[in-house]
Amino acid sequence: MSKLKAKEYLRFEDIKHIREDGSEYWLAHELAHALDYTQWRNFEKVIDRAKIACENSGHNSLHDFADVSKIVIAGATRKTIKDYELSRYACYLIVQNGDPRKEVIAWGQTYFAIQTYRQELADYFKFQAA
């Protein structure tokens, strides 16, 4: 598996959020920006394909693609926009369904594949020790 350079690795690490219980998530709008999607409607198509893949693999897409909204202030106007809290698995599916012509998609595929593998190893050894 190819190595990620620090810059590419940090592109995804820097937008990772950690809940109080230690679980990780990424916000879809931040991930869209990291993957060089300039228009939300194009990225939302990728999310829709990833949700289908999630459901077809037996996962609950409502868990991996949690609907959230946030308020954006533009001048004197307040607007509510749709967003998602994405699990690592959801992000992995998104990069698998992203535009393959983008080099950053390959970086994302590598990042989420490596991070998923690391988490699986950590979980395996944690359960073996218990």
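No lab work stands behind these numbers, since they all come straight from the coordinates. Remember, it's a predicted structure, so these values are computed and weren't measured experimentally. Positions of Cβ are backbone-derived with ideal geometry, glycine not excepted, and every protein chain shown enters the neighbour counts.
Observations on the model:
- Per-pair calculated FRET efficiency, R0 = 35 Å: R78 and K126 via Cβ, rounded to 0.05: 0.20
- Of I18, I47, I105, the one that fluctuates the most in a GNM where the chain has Cα springs shorter than 10 Å: I18
- Across K5/K102; K5/K70; K7/K126; K51/K82, pairs whose alpha-carbon gap is larger than 21 Å: K5/K70; K7/K126
- Taking trypsin sites (Lys or Arg not before Pro) across the range 11-86, the ones in a DSSP loop with at most 10 further Cβ atoms lying within 10 angstrom of their Cβ are R19.
- Mean projection of the Cα convex hull over all viewing directions, computed for the chain: 9.9 nm².
- Extension gain for E103 to N56 (0.36 nm times residue separation, less C-alpha to C-alpha distance): 14.2 nm.
- Here the calculated FRET efficiency for Q39 and D14, from their Cβ-Cβ distance with R0 = 25 Å, stands at 0.65, rounded to the nearest 0.05.
- Under 5 Å between amide hydrogens, built in the peptide plane, is the criterion, and for L86 it picks out W26, L27, A28 among residues at least 5 positions away or on other chains.
- Under 15 Å from the Cα of K45 - aspartates and glutamates, other chains or at least 8 residues apart: D36, D83, D99
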